[in-house]
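What follows is a short report on a single structure.
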Amino acid sequence: MFLGIDIGTSGVKAVVLDSHGSVVGQGTAALTVQRPHPLWSEQDPDAWWQATTAAVQAIDPSVRRAVRGVGLAGQMHGATLLDADDRPLRPAILWNDGRSFAQCAALERAVPDLRAIAGNIAMPGFTAPKLLWVREHEPDVFAKIATVLLPKDYVRLLMTGDKASDLSDSAGTLWLDVGGRCWSDALLGACGLTQAQMPRLYEGTQITGTLTAAVAELWGMRQVPVAAGGGDNAAGAVGVGVVADGDALLSLGTSGVIFVATSDFRPNPDRAVHAFCHALPGLWHQMSVHLSAASCIDWVARITGAAGAADLFARAEAAGPACGPELFLPYLSGERTPHNDPEVRGAFLRLDNDTDAGRLSQAVLEGVAFALADGLDVLREAGTVVERLAVIGGGARSRYWGEVIAAAMEVELVYLQGGEVGPALGAARLAQLGVDGGDPADICVAPPVSHSIVPDPALVSALAEKKAAFRQAYSRITPKS
């Protein structure tokens, strides 16, 4: 059996798989986020350890004793700053912390070819600008930094005593030469850091160490090997079988993410595409990230008096695709791909006297679908061919919305049974590959397909005019215009 541990933002999840890929045990423990100032988002690193131990101990002791390997997944980008005794110097600064906008611009000025090396635009979510902020605002803390670790890798340090990280998670720091799969001295130097302060790098399937005797006793396990694992998105992709060039998934959660595995490094940073290493050797991945997806459904349901998401979907379906001229720009929290615009906000356009709740509902479904189509198009600009998308997340429950999305994106959607699959599952599979070897295509298989949706040519045609109008509308609402 193999244990996968996902150190998330709101909690830690531990899952045990048997060698056939069946879940035989799981446990969870909650975490809280501290926001002491506007834009700040922090956590106590030791809370990750306490939650990890609680989640593991929630699994049946007989199952724990049978575990042969452990893999780690975790929230990306978090800056965990340790002193010479490996103790945290301050709370960790998380992925959704927004304090370092000014430092992003300074970093791009300091390293003009940053985007070519790192494959990404400097954004406050990444780790590097957070360290520039600490250097400017907390110089006494910065002077004491002996090691910088990502959240899951701090947990690894307490598990095994090793300072190690995988390439997929480390690609989200802006310190990695993503194409070369190694640390970049130029990017580190721009932040006043060196490789001596970084963990050793591993592929996601490689073993980084073994549980210490004390931790093995605490968890009721043997001193088993620990695999490098992956960042949460990459580990989640491994869990649903996105492990070969062109394999892709669409996550329809609060936000919307299109994740595509690629056989080579294909950056498109000017269009706000993320290009990272995958958690498997010899693979990379691209992501387009949309900050509002299913959250738009909850919002329009609330303002139109719908009983809930199901009621809203029914209203929209009764109105029908392209039923009116209304356009919805789904930028309720700004947008990442392709605009990289944290200040833009959502809008309804082209309302008239006949606009009603059904037409507004349909416009919202279409607007999110058009934004996802924008994201897929910029992935394709970087040379990626996507023939179908595996759909996971809460937004996957509506078949009607799937028909709209498939037509807007002009790609087949494949719905997986139990689509709410977490990164812990992928982490366990990475542990299995690390301990037993084997072909990822054989180990990391997708869950069974419940149904698929092929784009309806009539619906593609019906939405074409509105999609074109949607793409022209951004320039009319952005504060930059």
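Checking HIS278 against (1) within 29 Å of VAL449 (Cβ to Cβ); (2) assigned by TED's automatic domain parsing to the domain that holds THR9, only one condition comes out false. Which one?
Only one criterion in (1) within 29 Å of VAL449 (Cβ to Cβ); (2) assigned by TED's automatic domain parsing to the domain that holds THR9 is unmet by HIS278, namely (2).
Looking at the range 314-323, which of the residues that are without any contact (Cβ under 8 Å) to a residue 60 or more places away in the chain and part of a helix (DSSP H, G or I) is nearest to ASN233 (Cα to Cα)?
The extreme case among them is ALA314.
Output the residue which, of all residues in the range 1-42 that are β-branched (Val, Ile, Thr) and out of contact with any Gly (no Cβ under 6 Å at 6 or more places or on another chain), is farthest from ALA58 (Cα to Cα).
VAL33
Given the structure, is ASP311 part of a loop (DSSP other than H, G, I, E, B), surrounded by fewer than 16 Cβ atoms within 10 Å (Cβ to Cβ) and out of contact with any Ser or Thr (no Cβ under 8 Å at 6 or more places or on another chain)?
Judged against the criteria, ASP311 is not a match.
Would you please name the residue that is surrounded by the most Cβ atoms within 10 Å (Cβ to Cβ), looking only at residues in the range 346-387 that are assigned to a loop (DSSP other than H, G, I, E, B) and within 22 Å of the chain's Cα centre (by Cα)?
THR384
Within the range 227-234, is even one residue in a loop (DSSP other than H, G, I, E, B) and either more than 23 Å from LEU31 (Cβ to Cβ) or of a type in the set (A, V, I, L, M, F, W, C) (or both)?
No, the range 227-234 contains no residue that is in a loop (DSSP other than H, G, I, E, B) and either more than 23 Å from LEU31 (Cβ to Cβ) or of a type in the set (A, V, I, L, M, F, W, C) (or both).
Given the conditions (1) modelled with pLDDT of 90 or more; (2) polar (S, T, N, Q); (3) surrounded by 15 or more Cβ atoms within 10 Å (Cβ to Cβ), report the number of the one that GLN472 does not fulfil.
(3)
Would you pick out the residues in the range 314-335 that are within 16 Å of VAL300 (Cβ to Cβ) and small (Gly, Ala, Ser)?
ALA314, ALA316, ALA318, ALA319, GLY324, SER333
Which ones in the range 20-38 are over 23 Å from ARG156 (Cα atoms) and in contact (Cβ under 8 Å) with a residue 60 or more places away in the chain?
GLY21, HIS37
Name the residue that is surrounded by the most Cβ atoms within 10 Å (Cβ to Cβ), counting only residues in the range 324-345 that are outside any loop (DSSP other than H, G, I, E, B) and on the phi < 0 side of the Ramachandran plot.
Applying the filter and picking the extreme gives GLU335.
Cβ-Cβ below 8 Å, separation at least six or inter-chain, first residue in the range 283-311 and within 30 Å of ALA118 (Cα to Cα), second assigned to a loop (DSSP other than H, G, I, E, B) and of a type in the set (Phe, Trp, Tyr): which pairs?
TRP284/PHE265; LEU291/TYR331; SER292/TYR331
Return the residue satisfying two criteria in turn: it lies in the range 414-462 and is modelled with pLDDT of 95 or more and touching a Leu at 6+ places or on another chain (Cβ under 6 Å), and of such residues it is farthest from PRO321 (Cα to Cα).
Per the criteria, the residue is ALA428.
Within the range 1-54, can you find the residues that are within 22 Å of ALA66 (Cα to Cα), more than 21 Å from the chain's Cα centre (by Cα), polar (S, T, N, Q) and outside any loop (DSSP other than H, G, I, E, B)?
Selection gives GLN26, THR53.
The values are calculated or read from the model by the stated rules, or taken from the named source; none is laboratory data. These figures come from a predicted structure and were not determined experimentally. Heads up, the Cβs are rebuilt from the backbone with ideal geometry, glycines too, and the neighbour counts pull from every protein chain shown.
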